[in-house]
Structure formats: structure tokens, C-alpha cells
1. Specify the residue that is farthest from N27 (Cα to Cα); the eligible residues are those in segment 72-97 that are among the hydroxyl-bearing types (S, T, Y) and at pLDDT 90 or above.
2. Could you run through segment 97-139 and say how many residues are assigned to a helix (DSSP H, G or I) and more than 18 Å from I74 (Cβ to Cβ)?
3. Give K177, K157 a once-over and let me know the one that is out of contact with any helix residue (DSSP H, G or I) (no Cβ under 8 Å at 6 or more places or on another chain) and either open to solvent by 80 Å² or more (accessible area, probe 1.4 Å) or of a type in the set (S, T, Y) (or both).
4. Filter segment 42-65 for residues that are of a type in the set (A, V, I, L, M, F, W, C) and open to solvent by 50 Å² or more (accessible area, probe 1.4 Å); which is farthest from the chain's Cα centre (by Cα)?
5. Can you name the residue in segment 31-40 that is within 17 Å of N87 (Cβ to Cβ) and out of contact with any helix residue (DSSP H, G or I) (no Cβ under 6 Å at 6 or more places or on another chain) and is also surrounded by the most Cβ atoms within 10 Å (Cβ to Cβ) among such residues?
6. Cβ-Cβ distance below 8 Å, separation of 6 or more or different chains: which pairs start in segment 65-79 with a residue that is touching a residue at least 24 places away in the same chain (Cβ under 8 Å) and under 16 Å from S98 (Cβ atoms) and end on one that is in a strand (DSSP E or B) and of a type in the set (S, T, N, Q)?
7. Only one of R183, R166 is modelled with pLDDT of 90 or more, in a loop (DSSP other than H, G, I, E, B) and among the charged types (D, E, K, R). Can you tell me which?
8. Identify, by number, the condition in (1) open to solvent by 70 Å² or more (accessible area, probe 1.4 Å); (2) part of a helix (DSSP H, G or I); (3) among the β-branched types (V, I, T) that I68 doesn't meet.
Amino acid sequence: MTHFGKIMNKSILVTGISGTGKSTIANELNNQGYKAISIEDIEGLCTIINKKTGKPFKNFDINNIEMIKQSDWICNKKKLQLLLRKNSKGIVFYCGSSSNFDEILPFFDKIFLLKTSVKVLRERLNTRTSNKFGRTVEVQKWVFGWKNWWEAHMKEKGAIVINVSRPPQVIAKEIIKKSTNKR
């Protein structure tokens, strides 16, 4: 995108529920020569908070379904805005998820929603090595219980749906094409 001969910056959000491959796609976008950041991996950007107290959850257990139900994964809006401002030119992909997305979606030029079947998600959650969240039957049942609502909500907010039941290289190329309008 150009404006008076200058390259403008674009901030693109790539999101999806647990197991859709946000980190894998971030790695693949980087492999294809684009800058992609896993926002969930940036220390202090996202925090697990207790819904009742609004404070960070102490001794959070990713396998304890009751703790999970009482928590939210919150992205710090001010820190995110500072991170986005560091992008002075070009396209940067920010991959991740948070409970307060409605507050941060306006910061992005485009939003991509990674989506696949419950069967594929279950397999990925059971076998992934980068993150142990979603390994128990109870946690998976909880995640799958709000999957359809959340995906519909993201589509209402303008997210472009990307089928992730394909190789990461193909998915990344589709996201790049739809972000840059390249053929």
C-alpha cells in the first residue's frame, strides 16, 4: 500500500481458538519473509486474570477446569499499541488470541480467523508440544463449547475466515495474498 510514494504500515491480526495453529502460522509467515509476532509469547503483553478480582491469577493450572472458567486471558491495550507503533513500514502479522478482543480489534487493519473442525482441533491439542493447554477432556469440552459462538462473533467483527486443514505453507500464502492483494 502506498501513500504519496511511501510504504505505509499495516497491522494484521491472525487469530483462532486454541489448537488452530496461530504459532505455526506465525513461524511460516516469518519463513516466507514477512514479520510475524506471536503476541501470546511476549512477556507481560497478555495476562491470565481472575474474573472476580480483576487481578492476575496466582498459581494458575491449565488443567484445572474450574480455574479456567474463572479466568480471562487479557491483552494489555497500552502495551499492544506501543508494539504496533514500532512498525514503521510494511506489513506485520500479530498472531494470538485474548478475551478482550473487542477492545483491541480496532487497532488492526485486517483480521484473519483460523478455523477448522473439532476433530482436527482435538488431534492438535492432544499432540502439540509447544503448549500444553487443552490436553484434558474437560478443557477441550469447555473450549469446543464456545468455539462456534466465538468464531461467529469474529466473523461479525469482519474477520476473514481461513481454513487451516491444509499445510501451513498454503495457509500462510493465502493470508499474505489477502493481506497484500497479491495474486
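The values are calculated or read from the model by the stated rules, or taken from the named source; none is laboratory data. Values in this document were obtained by computation on a predicted structure and should not be read as measured data. Glycine also receives a Cβ, built like all others from the backbone with ideal geometry; neighbour counts cover every protein chain displayed. For accessibility, only protein heavy atoms count, side chains too; no ligands or nucleic acids. Shrake-Rupley method; radii C 1.70, N 1.55, O 1.52, S 1.80 Å.
1. Ranking the qualifying residues of segment 72-97, first place goes to S97.
2. Residues meeting the conditions: 13.
3. Only one candidate qualifies: K177.
4. The qualifying residue farthest from the chain's Cα centre (by Cα) is F60.
5. I39
6. What qualifies is W73/T47; I74/T47; N76/T47.
7. Going through R183, R166 in turn, just one is modelled with pLDDT of 90 or more, in a loop (DSSP other than H, G, I, E, B) and among the charged types (D, E, K, R): R166.
8. Just one mismatch for I68, condition (1).
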